[in-house]
Structures are given as structure tokens and as C-alpha cells.
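The values are calculated or read from the model by the stated rules, or taken from the named source; none is laboratory data. What you see is a predicted model, and the numbers here were worked out from it, not measured in a lab. Quick reminder, even Gly has a Cβ in these numbers, built from the backbone with ideal geometry, and neighbours come from all protein chains shown.
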Amino acid sequence: MNALFLIVIPFIASGLILLFRKSIIVKCISIAASLIQLLLTLYVLIQTNFSQGNILSFFIEWIPSLGINFSLNVDGISMFMLVLTNFLSLLILVSGINREPKRIGMFYSMIFFTQAAMNGVFLSSNAILFYIFWELSLIPVYFMVLFWGGERRQAITLKFFIYTLLGSLFMLFAFIFLYWQTSGIHSFEITDFYKIKISPAVQNRLFWCLFIAFAIKIPLFPFHSWQPDTYTTAPTQVTMILSGIMLKMGIYGIIRWLLPIVPQGVEHWSNTVIILSITGALYASVIALKQNNIKTLLAWSSMAHVGIIGAGIFARNLYSLQGVMLQMLFHGINIIGLFLVADTIENRTGTRKISELGGIRNISPFFSSTFLIIILGSIALPLTNGFIGEFLILTGLFKYYSWYSIFAGLIVITGAVYMLYIYQKVMLGQTNELSDSFIKVPWAENIVLIPVIILIFLFGIYPIPLLNLTEISVKGLLQMM
Amino acid sequence: MNNTTIYIILILLFPLAGFLINAFLNKNLPGKISGIIGSIAVFVPLILSLIIFINLKKNIPAQTIYLSQWIITGQINIPFEFLIDPLSVLMMLVVTGVGTVIHIYSIGYMHSDNRIHTFFSWMNLFIFFMLILITGANYLIMFIGWEGVGLCSYLLIGFWFKNNEFNYAARKAFIMNRIGDLGFLIALFLMIINFETLSFNNIFTAHHILSQDTKTITIITLLLLVGAVGKSAQIPLYTWLPDAMAGPTPVSALIHAATMVAAGVYMIVRSNLLFRFAPLTMDLIIIIGITTALLSATIALYQEDIKKVLAYSTISQLGYMFLALGLGAYSSAMFHLTTHAFFKALLFLAAGSIIHALNGEQNLRMMGGLAGKLPVTFITFLIAALAISGIPPFSGFFSKDQILLNTFNCCPSLWIFAVLGSILTCIYIFRVFYLAFYGEYRGNSPDNHDDEDIIKPDKDISALHESPLIMTIPLIILAVLSLAGGFINLPQIFGGNNYLDNYLAIESAETGIDDTTEYFLISTTVIVVLIMIIIVWFRYTSKPAQGPKVITEMNFIEKMVYNKFYVDELYRFLFEKPYDFLSEKLLPTIEKGTIDKTVNSAGTLSLTLGSLARKIQNGNISFYILLMTLAAIAFLAINVFIL
């Protein structure tokens, strides 16, 4: 029952906020609602004993004749995703505390709508339900980018929408195909999908139907071309949702709906996908270096990181998958921090062009130090969160095939190249007219940056609770393959 | 929790606390207080290290201290654990000892900088990571320190961040180090896969793997060597170290001479039980070591910046340590590491004292005749110069002599190269010595001001004065250590008992050289070096007003050396330029030209198809009838002829 609340509360909040127009009230309500949501998530986390495997949380029949049910399920992996979603959502809401978008009620309402849908994605254990939540999460994001976005938003959102929608259609097709393969009374339940015996040849084709949907969402190379533009033009909070949480839907989709359902297809294609992912990671980090727009640079850096995550999934061993789980959260924390820094800089100086900035450290050493720490997390310095995730992923990749790990490991170098470059260009050197106008960052803005910093070190030094949370479910997943 | 556990926690906690205090209180503290806090944060660990050293009992040589869990999943179990053994205690003493002295010196050196708090916080952070590096009991803890010191090095090289050249140097150092770190990291993966642990205790006792799987051990050691080469600035990853001189001089002394750059040597000594099983790697280390030693000593001959000479000298001395490592003479390498920490830190601090007196001037062209003005600096620099040249009884003599003997023992032809290196060493260091302290002061001659960027007030020779006590006392302490440091490992032929070798108790290569040969070898080297010092003396004091050779007077080879064999330019051409090119071209060609174009044309295709279909729906009834008829005929035709 609790699981249902996790979906319902954000929906209610989404509707409730629409009733108000005053900025301060909207913000108070949203932060309160988000906090309640997070506490409830943590309550579910504490209540549930994950050592016993899957725990059926909620089930009602919906369209029984088609085998479509409203069934929600929580295990260690989905629990982890829920914590990620609801925690990062709160962080994203707080980060907007001194921004005033026009028609703020509508904007926040849509954020909650997205959050609800994303929670649904991570909870659903019925394919159609999963598909519905998956698409539902796209709609508010589309409108948010369209109404609150920056330059060329019409063209960019259209491409983004159609591209991801097209991917989902492949997934729907695969689900319907699987439906007809279920034994006995046909059903869309994931547990029934897991029981299907599919011939390897069919699995090989089915793999791509499912994979394309997830790969576009993440995005993995070469299905990424919607991403840099969308991340750049979207309002910062939406970029945070997209990069911090929503792309993890794709990763989660692969883990839950691809690996166990077409294991032989995965076996057959995993080398291809790993090579594509690593290529993409290196490709993105090389391109990132010459980007002049901070947000575009961060968009490419995000793609570099998820490329490594993508490769880690398909190495399919305990180390790499544990690394993937952790890195999903850590990437979310770090990328939100980075985009917040970018947003703060733009808000202060009126520009996000790297070439026009410089010397901010002269004016605000604290702000530039926080930026540096987030960068360190992002380039995986030991004792920061990024290190734990990347270390485990690369270890797993190495176990799978050593050369993959060596090539993937190159991002250790390329990441440092572009990140230190942007740090130098923006923060170091002499001030100029634009950066001179950078006034000291008020504490309100640091409210988000400080937790980000704390989390970077906390999880870098003490990752064990997270590792324990997912270990049993990941082991279970591996047994199914 | 026993005493040692508490000591080790405190040893790590003090520098960390110093970092946090200075970082957070920052400008709320007076500069001097901040320096004192910073120095205490290193001095207390020194005392504690001494206590541990005294308590270190012969019968329990190694003690692993487990603090808490860090990463556990599947077979991987990597705790926060620390190792107390003679090797780590020696390193702790060197790092905290030299560290304390340099911190105290910095109070004077940095007193006029308004970011002195930041300086001390980062210095303390460096000590913290360096201590983690040397006390870690598994490779991943070592790696924390390894990358952490790299970070501090980056921060401190770019300490004066308004200068973008310095920032570039900092970035270069970090990235070149990361290349090495990737090697280290891959070695870790290999060890996890093969040993299922990263703890030193478990790896070094896994005899069944060590002695049988030579291929794996060779690859692991080669990868570790990549890491060591990056950190210790050996060929081919050495070019970052000369640029790293952009940092304040105490930073160069502490990080880029005495401690961090020696981490690579320490790591190989620590892993000696692996390296023993990889003769191929050992040979490679010898080659890298001797080549680096000679090449960088040659480059040092023609540098004009006093700190650059010392930087190349550091690279060269590290090359000697690598040579010793390759020969299996681990404790000789550690011995040289220790004495080098003393005399090279002293050289840097003395150079810093000159630079301080000359208001930031680093060019030898602008020095000269400083002996009378800076007497303490003069004497201490001389002691350090004698030590590095290997003149008895200075510390460098004993440590370098051990390496030379080991070299001779292995292969006499290699010994000739090693001696050549020490001849080069004494030439470049006494060149600096004479150029700085002898002749006439050249700082106020107008034609020497080719440097337009930085306008420095002309210093009159009479206005120059010796540095304050807070800077000269550290010089004197280090001078005493440089003078007497060699006695910690006095060899038997001089009546000693090889204390350090016995203390470290690392099974090292034995030199089976009889006493007569040993006397002969030693005296040859010393005499040659002494002769060279005198020759250099005549060369640089015969024309007192003259500074270093000007580039226009140089011949081709000299120009090559002056330009550091164009290695920087070569690397820029081979790596930096192609990377930039790729970064610029990938977006328009592959991304926009191929991937995005495909996606967009898929979109355009559906639009085109749509508009074609729209043309059919033109509302003209006769056209519809025509289509209908055609379709009916087509169906009929298919039915009749095909089916």
C-alpha cells in the first residue's frame, strides 16, 4: 500500500499546487510535499526487509481480460531508484529556491507530475503499466522545455519528443510480442515475462526493440543526438531532472526489462553495446573540451559518464552492476551540483559562454571551491562518490574483458582534461567585466551546494549501506540470467 | 585500541584538522597564526612518528591497523587499514620532518601573501594525503594518497591562479599524473582479479601466484611502473615537473623535490616482493632510471631559471633512485631518497631565500655576487651542493656511493654512465652556485631586462639582505641533516654498520665487491668530481661580470639542450594538437554531419512521404476514379499472371 502512496502523493501535490499563484506559497508547498515524499520513501526503505528478495507491495486488477494489472513491486534495485528519485527531486526543488520562473505554479506542478510518473516507472511490474508511466513522464518534460526553455526550443523539443516516443514504440511492440508468448492466460506481468522461453534468434531481434527505447532515453551512443541541445535549452531544473533522474529510467529499464527477459539476446549483443558505449563515452568527453557553452559542456560530460554506466551494465557481473547502481545515484548528485553551478553563474553574470568568463575565484573563493569539489567527484578522485562507482564499474568491466576496462579507463584522463579546463576558464585567471559583476553567492543558493558536497564525501567514504541495499537484488538478477 | 592505533589516527588527524581550520577560518586568522597552526599540524605527527619509531620492536616488525570498512561487495573487501613497519615509519619521519621544517620556513616566505591561509591549508592537506599514501596497508588506500597528493600538487602549482601560465602548468601536472594513475588503476584491477585482495599482507604472501604466474606479475609490475613513472617524473612522463616550478618555492621543496615525487620510488620499494618476480620490469626500470638521470642532468646544464635547474636535478636524482630499484638495491634507493629529501629541500629553500631577497627574481642572469649579502644562504647552499655532488662526508656521498657500487656490481659499463651522471650533477649545481654567489651582481644591469611582463623593482646590491631567522633556521637544520644524514647508513668500510639497511631489512641485492675495489671506485669518483668542481670554478669566475651563455652564442647542440631537446614541443605536436583537432572536428563532421544528419533525415523522410501522400488527396474526383481503375487493373493482373 505504501508503494501506491509514493505515486499518489506527487500527483496530489501536482494538482494542489495549481491552485496557488504566489511564488512563496508554491515553493513552500512543493518543498513540504517533496519532503513528505522523501520521508515516506525512507519509511518504506526501513520497513522492508530486502534480504527476502522481491516483496509484492500492491496489486489490483485493471483490465483482467488483457492481463493488465496495477501491480507494484519493490526490491532492492527499485528501492534504490525510489530513494534516488525522491531525494534528488527534493534537491532539484530546493535548488530553484531563488529562481522565479513565470507561472511558477504550473512549472512546479509539472515537476511533481514528472516525479509521480518516474516513481511509477520504478515501481511497475506490469509491462503496460510501466509503458504508461514511461510515456507519462515525458509529457510534462516536453511542456516544460517548450514553455520555459531557451533558444530554438520549438525545434529542439519536437526532435526530443519524437525521438524518445519512437523509441518507446519499439518497446511497446516488444511488450505486445512478449504478451503473446506468455503461457496459459496471456499476461503483461513481468513475472510471466521472466518465464517465457524464447528462441535465441528471436531474442536477438527482440533485444534491439527493447534496447533502442532505453538507449535513446539514457542516451547511449549513437542514439544521443537529441541530448546536448535539449539539455542546453531546457530550464536548468528540467535539465537536472533529465540528467539526474530521468535518464536512469533507461538504465533501470535495461536492468529490469531487458537483461532477465532476453538473456541470450543480451549475451549475443553485449560486446556490440559495450563497444558502442565506451566509444560514446570517449567521443563525448573529447567533444566536451571545445564546447563554449557551460551547459552544453556539462551535457556532453553527462553523456560520457552514462556511457561508462552503459558499458558496466552489459559486463553483467556483480562488481560492474553494483558500480552501475551506485554510479546512477552519484552521477545524479554530481550532475545536479554541476548544473546548479552553471545556472548560478549564468544568473549572476548573464552569460554561460566559457570564453566570456574568468576569475570568479577572485570574488567568491567559496563558490569556486564548491565547484572544484563537485568536479573532483565527477572525475572520480578517491574519497569522493564518483570514485566508488567508477572503480566498481571498471573492475567489473575488467573482469569481463580487460581491454574494455582499459579503454573505458581513458575517461579518467579525458574527464580531467575538460573539467579542469572549464574550471580554469571560468574560475581562475583575471576577472573581466562580466565576472566582475559576480556578487557573492548568498547562502540560500549554497543550501543545495552544501548537501551536494557533503554527499560527495559521505558516499565516497562510507558507501557500504548503499552497497548492502542493492547487493542481494543484484545477485538475484544475475542468477536469473 | 592499542597505542599505535591512537598514534596513527592522530598522525592523520592533525594535518587534516590543520587543513580544515585554515580552510574555514581563513581570513579570520592573522597570517602568522595560520602559519603556526599549519606547522603544528605537521610537527605533532613528527613527534608521534618518532615515538612509533622508538617503540618499533625488532621482533614485531609489521603491524596492520584496521580502522573501518570501506568497500565491500562480492569478493572485494577493501577496508581503511594502515601499516606500521620500518619502511612506512622511515617515510613518515622524512615527510613530517622535512615537512615541518618547510612549513616553518613558509611562515617567513609567504608572510606578505594575503592568501597565506589557503596556502597552509593546502600544504596540510598535502601532508595528510602523503601520510595516507605511505601508511596505507593496501593498494587502494595508497591510491587515495596517490591521487590526493596529485590534487594538492595541482592546487599548489596553480596557487597564484591569476596567472594563466601557472594554471596551465598545474593542469599539465595533473593530467600527466593521471596518465600514470590510469596505469596504477589497471594494475589494481589485475590484482583484484588475480589475488582477490588489495592488502599488502595477502598479496605478498600469495606465493603460489607470485612464483608461478610470471606473465601476470610482469604485467602488474609494468603497470605499477607506469604509475611510478608519472608520479616520480621519469621518462617519458617527466615534462610536468619543470613546469611545476610555477608554484611557490616551499611547494617545490616539499612536493616537487622531497616527498611527493619520491612516492613512485616508495611504491616500488613497497611492492618489492612483486617486482622481484618480474626481471623484465626490473631491466626496464634500470633503463628508464639511467636515461632519465643523464638526460635531465644534461638539460640542467643550460637552464637559466634557478628553480628549473633544481627541477631537472630532482628528475635526475630520482633517476638514480630508479636505477637502484632496477638493480634490486631497494634499501639503497630508500637511503638516497632520504638524503635527497634533505639536500634537495635545502637547495630549494636556499634558492627560495635568494628569490625572496631579489623580490621574486629567479633568473640566474640577474644574480651574481650574492655570497657576502646572503651569508647563511651561501653556506647552506654550498653544503647542499657538496652533498648532491657526492663529496665525503656529506650525506649524498654515502647514498650515491651505494648506488654506484651496486651498479658496478651489476655491470661495470653501466657504472661508467652512472659516474658520468654524477659528473654532470656537480657541474650543473656548481654552475648555479658560482653564478648566484660569485662574480658581480648582474641584477641592476639594464640590458638584462628582457622580461617585459613582470616589472620588478631594480634591486641595488646594497639593499639586499639575508632572509629573517624564521627562514634561515630551517636552512641550518636542513644543512645539518644534509651534512650528517649519511651516517644513518654508514657502510662497513668506513667503520659503520649499515644501520638503515638492517633497520629496513628488505632483502636487497648484495654487493660482492672486495674492499680494495671499493676504495678504488670511491676514490676515482670523488677525485673526478672534485676536479670538475675546480674546472667549473675557473669557467664561471674567470669573467666575473658574465652570466650564463646567451642563446645567440650557442652552437647547435647547446641550443638543443637549452631548449630541452624540444620534448615539450614534440608532446604538444603528438598529443595536444591532435586532441584539440579531434575535439574541434568531431562535432561538425561525425556528430552534425553523420549521426544527427541521419536522425534528421529520418524525420525529413516522413515529412516528404507525407507531402507526397497529400498530393494524391487532391479532391479531384476524376483523379480518384483513375486511381481506382488502375488499382483494379493491377489486382487483376497480379491474380491472372502471378498467382
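Here is how the numbers come out for the structure above:
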{"item": "Number of the condition not met by A:PRO260 [criteria: (1) more than 15 Å from the chain's Cα centre (by Cα); (2) within 26 Å of A:GLY396 (Cα to Cα); (3) assigned to a helix (DSSP H, G or I)]", "result": "(3)"}
{"item": "Selection within region B:117-127 - closer than 19 Å to B:ALA257 by Cβ and touching a Phe, Trp or Tyr at 6+ places or on another chain (Cβ under 8 Å)", "result": "B:PHE119, B:TRP122, B:ASN124, B:LEU125"}
{"item": "In region A:66-125, the residues that are of a type in the set (Gly, Ala, Ser) and under 16 Å from the mean Cα position of the chain (by Cα)", "result": "A:SER78, A:SER89, A:ALA116, A:ALA117, A:GLY120"}
{"item": "Test result for B:TYR105, of a type in the set (Phe, Trp, Tyr), surrounded by 20 or more Cβ atoms within 10 Å (Cβ to Cβ) and touching a His at 6+ places or on another chain (Cβ under 7 Å)", "result": "no"}
{"item": "Matching residues, region B:72-102, being within 14 Å of chain A (Cβ to nearest Cβ) and crowded, with 23+ Cβ neighbours inside 10 Å", "result": "B:THR73"}
{"item": "Condition check for B:PHE159: in contact (Cβ under 8 Å) with a residue 60 or more places away in the chain and more than 8 Å from every other protein chain (Cβ to nearest Cβ)", "result": "yes"}
{"item": "Elements of type helices (runs of 4 or more DSSP H) contained in region A:288-383, each with 1 or more residues being aromatic (Phe, Trp, Tyr) and away from every other protein chain (no Cβ under 13 Å)", "result": "A:294-315, A:318-349, A:365-378"}
{"item": "Candidates B:ASN138, B:ASN177 - the one that is away from chain A (no Cβ under 11 Å), closer than 17 Å to B:TYR266 by Cα and of a type in the set (S, T, N, Q)", "result": "B:ASN138"}
{"item": "Top-ranked residue of region B:162-174 - restricted to ones that are surrounded by 21 or more Cβ atoms within 10 Å (Cβ to Cβ) and within 7 Å of chain A (Cβ to nearest Cβ), ranked as farthest from A:LEU394 (Cα to Cα)", "result": "B:ASN167"}
{"item": "So A:PHE387, is it crowded, with 21+ Cβ neighbours inside 10 Å, free of Cβ contacts under 8 Å to residues at least 24 places away in the same chain and within 12 Å of chain B (Cβ to nearest Cβ)", "result": "no"}
{"item": "Candidate set: region A:88-115, residues that are outside any helix (DSSP H, G or I) and surrounded by fewer than 22 Cβ atoms within 10 Å (Cβ to Cβ); chosen: the one modelled with the lowest pLDDT", "result": "A:ASN98"}
{"item": "Near pairs, Cβ below 8 angstrom, 6+ apart or cross-chain, from region A:412-423 (more than 7 Å from chain B (Cβ to nearest Cβ) and closer than 14 Å to B:TYR579 by Cβ) to any residue that is of a type in the set (A, V, I, L, M) and part of a helix (DSSP H, G or I)", "result": "A:THR414/A:LEU282; A:THR414/A:VAL286; A:THR414/A:ALA304; A:GLY415/A:ALA304; A:TYR418/A:ALA288; A:TYR418/A:LEU297"}
{"item": "Every pair of residues 6+ apart whose Cβ atoms lie under 8 Å, when the first sits in region B:206-233 and is among the basic types (Lys, Arg) while the second is in a loop (DSSP other than H, G, I, E, B) and modelled with pLDDT of 90 or more", "result": "none"}
{"item": "Whichever residue in region B:203-260 is charged (D, E, K, R) and more than 25 Å from B:ASN167 (Cβ to Cβ) and, among such residues, is surrounded by the most Cβ atoms within 10 Å (Cβ to Cβ)", "result": "B:ASP213"}
{"item": "Sole residue being in a helix (DSSP H, G or I) and surrounded by fewer than 21 Cβ atoms within 10 Å (Cβ to Cβ), chosen from B:ILE193, B:ILE186", "result": "B:ILE193"}
{"item": "Restricting region A:161-189 to residues that are part of a loop (DSSP other than H, G, I, E, B) and hydrophobic (A, V, I, L, M, F, W, C), the residue that is surrounded by the fewest Cβ atoms within 10 Å (Cβ to Cβ)", "result": "A:ILE185"}
{"item": "B:THR629 vs. criteria among the hydroxyl-bearing types (Ser, Thr, Tyr), without any contact (Cβ under 8 Å) to a residue 12 or more places away in the chain, within 30 Å of A:GLN227 (Cα to Cα) and surrounded by 10 or more Cβ atoms within 10 Å (Cβ to Cβ)", "result": "no"}
{"item": "Residue within region A:390-399 that is touching an Asp or Glu at 6+ places or on another chain (Cβ under 8 Å) and more than 7 Å from every other protein chain (Cβ to nearest Cβ) present", "result": "no"}
{"item": "Residues of region A:199-222 satisfying the condition of being of a type in the set (S, T, N, Q) and either closer than 23 Å to A:SER302 by Cα or part of a helix (DSSP H, G or I) (or both)", "result": "A:GLN203, A:ASN204"}
{"item": "Flag if A:THR279 is farther than 19 Å from A:LEU84 by Cβ and surrounded by fewer than 24 Cβ atoms within 10 Å (Cβ to Cβ)", "result": "yes"}
